[in-house]
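Report on the following structure.
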Amino acid sequence: MPKEIQDRIKNLTDMLNQCAYEYYVLDAPTVSDYEYDMMLRELAGLEEQYPEFADPNSPTKRVGGAVAEGFEEVRHEVPMESLQDAFDEEEVTAFGERVRAALGVEPVYNVEPKIDGLSVSLEYVNGVFTRGSTRGDGVTGENVTENLRTIGSIPLKLKEAVPFLEVRGEVFMPKQRFAALNKKREEEEQSTFANPRNAAAGSLRQLDPKVAAQRGLDIFVFNIQRAEGVAYQTHSESLDLLRRLGFKVIDNTVCHGIDAAFARVKEIGEKRLELSYEIDGAVIKVDDIAERERLGSTSKAPKWAIAFKFPAEQKKTKVLDITVQVGRTGVLTPAAELEPVRVAGSTVSRATLHNMDNIVQKDIRIGDSVLIQKAGDIIPEVVKVLKEERTGSERVFSMPEHCPVCGSDVVREEGEAAHRCTGLDCPAQLQRHIEHFVSRGAMNVEGLGPSIIEQLLARGLISHAADIYYLKAEEVAQMDKMGEKSADNLLRAIEASKQNDVSRLIYALGIRRVGEMPGKLLAKRFGSLDRLMQASREELVSVDEIGEVMADSILAFFADPKNIASIEKLRAAGVNFTAQEADESDLRFAGKTFVLTGTLPTYKREEAKEIIERMGGKVSGSVSKKTDFVLAGAEAGSKLDKANALGVTVIDEEKFKQMADIT
């Protein structure tokens, strides 16, 4: 039996790796997404049951592993050099003349697009991916192996077992993923990325690989840095070898002479807008490896290559108006309504202005003539105002004092760039608010996810968060993918949430700056939601960790009649408004700091955290000398390693139950 399990795990691993190669590299999938998901699910189940047979480079690792404490430095044995830039044809011609003079012949060149991303090194031992690192300063980079494992187009195992191979590639974010990511971040009140390169770099340097896995990064490999057991004489041959080994290799063209090379550069520039990824130029390289060695390098860049940089296309237009949109989190985002103009392959009539600070910094006024371009060839942006063309008729814009959607007050809190609507029931932010209200840290309504909330809103069954407590089983059962049993389970979960401690309700209300911990502190201090609603500014500020800014947010929230109306609807539904009595007699973990890592056999991390905090303990996100206990489960990762190195006591779930006297 164990042999059969081991063989099945190996077969599934091989099949999934081949499927990933066909999907991400060849762009020619041979199985459906469903079939792939079913195989991946089976493999994950077998690996969990028989971890001794799991491959370290299993496809299941693509979803991201443990959170890193930081990135260790990696010194590159072969420096990852930068390239000399050229901005016009004369500079490219001069480069060709220098190469021809040094070699005594007109060489063959290889021309390829210059991907606008983040350069990385990938190392393989006996065909297995062992380490990946960023370029850094060219000599020293950062170890980002776990994040690179999440990129589907990086082979975790080569098609041939080469003794050693180090390759260089460019990690990038496709244009569509970049646009979707920025839209999501804007809705979540996070700063947006300026371009796909920044997005790729920010994603690859996430300490949590699961975040990197969600970003949809891709890679093109374009060079062999070091190799053992392979032979090639030209760059073209090396790229063919890399393709054979399973890499996604950059498109390239062999050109005879510098004139032919530059003609190809111009062709690439003309078609750049048709590409699904952003390029900022094209690279011309001498193809013959021996000729490269003869040419050598300067202290900064190789003498056998040059990068031609394409200018960003900018067009002049006029700001006809500045309008405001309200996002799902209540943030008001201004946008320039433009005189239509064709930029980078499409007609642009609108450009986001992000926030009021951006408008003031660039001094953008209604009626201004401006230059615009597309960030990442996708998102229109105002580059600068042509102030010399002003006539005096231009109008200064100011943010509205009341929400254009619901009429509630608009506020800008100290230290923030965003203006936001204060209305709890503003239609523009309703779905996002309900998602927060039912989330795990808030009212914790299991089964009420975004898709169901969207259906409930679309069918008119709810119009704000309190309405979930008035849903009827027969209405919910008629929704897509529900039925009587699912509807009954959902309503049971909703009903159970009424008994939550008021600390959860305080957090669920979505008061600005009031997170889970402040919710618990406020519940403990005031004992009920009614008492909190009556609290003065002085009383609020007197609570530990509740500063003046948070106090003002709380006061503003309870001063809005619409918010009070929603609270009264929650009261009428029977939602608990009081704090549960804490057992002050059992504070056995008082003064103790725990770190939770890995997957526990029966507890969810949130459940273990609640037990620790209820008994006076504290839960930290990182291990240090001040940590008293590390509660470790399966796949504990680097936190467990650090605990062992520091001599911190490591316990499992069974020991934890004994310490907490849980049977």
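The values are calculated or read from the model by the stated rules, or taken from the named source; none is laboratory data. If you're wondering where the values come from, they're calculated on a predicted model, not measured in any experiment. For neighbour counting, all protein chains shown are included, and Cβ atoms are generated from backbone atoms with ideal geometry for every residue, glycine included. Areas reflect the complete protein model, heavy atoms only, side chains present, ligands, DNA and RNA absent. Shrake-Rupley method; radii C 1.70, N 1.55, O 1.52, S 1.80 Å.
Worth pointing out:
- Nearest 10 degrees, 0 to 90: helix 33-49 Cα axis against the chain principal axis: 70
- For the chain, a simple Cβ point-charge model (Lys and Arg +1, Asp and Glu -1, everything else neutral) yields a dipole of about 380 debye relative to the Cα centre.
- Given their separation in residues at 0.36 nm each and the Cα-Cα distance between them, Ser398 and Asp652 gain 85.7 nm when the chain is fully extended.
- Helix-derived mean residue ellipticity, 222 nm - over the chain, DSSP H n ≥ 4, -39500 (n - 2.57), to 500: -10500 deg cm²/dmol
- Alpha carbon Rg of segment 454-540, scaled by the compact-globule rule 2.2 N^0.38 Å: 1.37
- Using the Cβ-Cβ distance between Lys183 and Ile564 with R0 set to 25 Å, the FRET efficiency from 1/(1 + (r/R0)^6) comes to roughly 0.15.
- For Lys625, the lysines whose Cα falls under 18 Å of its own Cα, not counting residues fewer than eight places away in the same chain, are Lys592, Lys639, Lys642.
- Computed from Cα atoms, the angle from the helix 235-245 axis to the main principal axis of the chain rounds to 40 degrees.
- Ranking Lys266, Lys626 by solvent-accessible area of protein heavy atoms (1.4 Å probe, all protein chains present), from largest to smallest, gives Lys626, Lys266.
- Spin-label zone in segment 415-459 - amide nitrogen under 12 Å from a point set 7 Å from the Cα of Glu539 along the C-beta vector: none
- Note on the chain: dipole from Cβ charges, positive end direction compared against Gly327, Leu16, Ala344; the farthest Cα belongs to Gly327.
- Cα-based reach from Lys266 at 19 Å (exclusive), listing lysines while leaving out same-chain residues under 8 positions away: Lys114, Lys285, Lys309
- Degrees, to the nearest 10: 175-187 long Cα axis against longest axis of the chain: 30
- Calculated FRET value between Ala417 and Lys318, using beta carbons and R₀ = 25 Å, to 0.05: 0.45
- The stretch between Arg459 and Met38, if pulled fully straight at 0.36 nm per residue, gains 148.3 nm over its current Cα-Cα span.
- Contact order normalised by residue count of segment 448-508, Cα under 8 Å, 6+ apart, percent: 22
- Heavy-atom accessible surface of segment 462-603: percent carbon and sulfur, 1.4 Å: 49
- Rounded to the nearest 20, the Cβ-based charge dipole of segment 522-623 about its Cα centre (Lys and Arg +1, Asp and Glu -1) stands at 340 debye.
- Cα-centred dipole magnitude for segment 598-663, charges only on beta-carbon of K, R (+1) and D, E (-1), debye, nearest 20: 300
- Cα-based shape type of the chain, given that a ≥ b ≥ c are square roots of the gyration tensor eigenvalues and the cut on a/c is 1.5: oblate
- Residues of segment 562-581 with amide N under 17 Å of a point placed 7 Å along Cα→Cβ from Ser528: 567-581
- When the trypsin sites (Lys or Arg not before Pro) in segment 341-431 are filtered for DSSP coil states and for at most 16 other beta-carbon atoms within 10 Å of their beta-carbon, the remaining sites are Arg390, Arg412.
- Exposure ranking of Met38, Met615 by accessible area [1.4 Å probe, largest first]: Met38, Met615
- Heavy-atom accessible surface of Lys316, to the nearest 10 Å², is about 110 Å², with a 1.4 Å probe and all protein chains retained.
- Phe164/Asp208 FRET efficiency (R0 30 Å; Cβ-Cβ; nearest 0.05): 0.50
- With the convex hull constructed from alpha-carbon coordinates only, segment 398-507 shows a mean projected area of 8.1 nm² over all directions.
- Listed residues Gly367, Ser439, Gly415: farthest to the positive end of the dipole of segment 286-443 (Cβ charges): Gly367
- Here's the picture: charge each Lys and Arg Cβ at +1 and each Asp and Glu Cβ at -1 in the chain, and of Gln233, Ile289, Gly202 the one pushed furthest to the positive end of that dipole is Gly202.
- Accessible area ranking (1.4 Å probe, heavy atoms, ligands and nucleic acids excluded), largest first, for Asp652, Asp218, Asp368: Asp652, Asp218, Asp368.
- Spin-label pair Ala201/Thr599, simplified geometry with 7 Å Cα→Cβ offset, distance in nm: 3.6
- For Ala94 and Ile5, the difference between the fully extended length at 0.36 nm per residue and the C-alpha to C-alpha distance is 25.7 nm.
- Between Gln325 and Glu607, the modelled labels are 4.2 nm apart [label points 7 Å from Cα along Cα→Cβ].
- Lone cysteines, the chain (no partner Cβ under 4.7 Å): Cys19, Cys255
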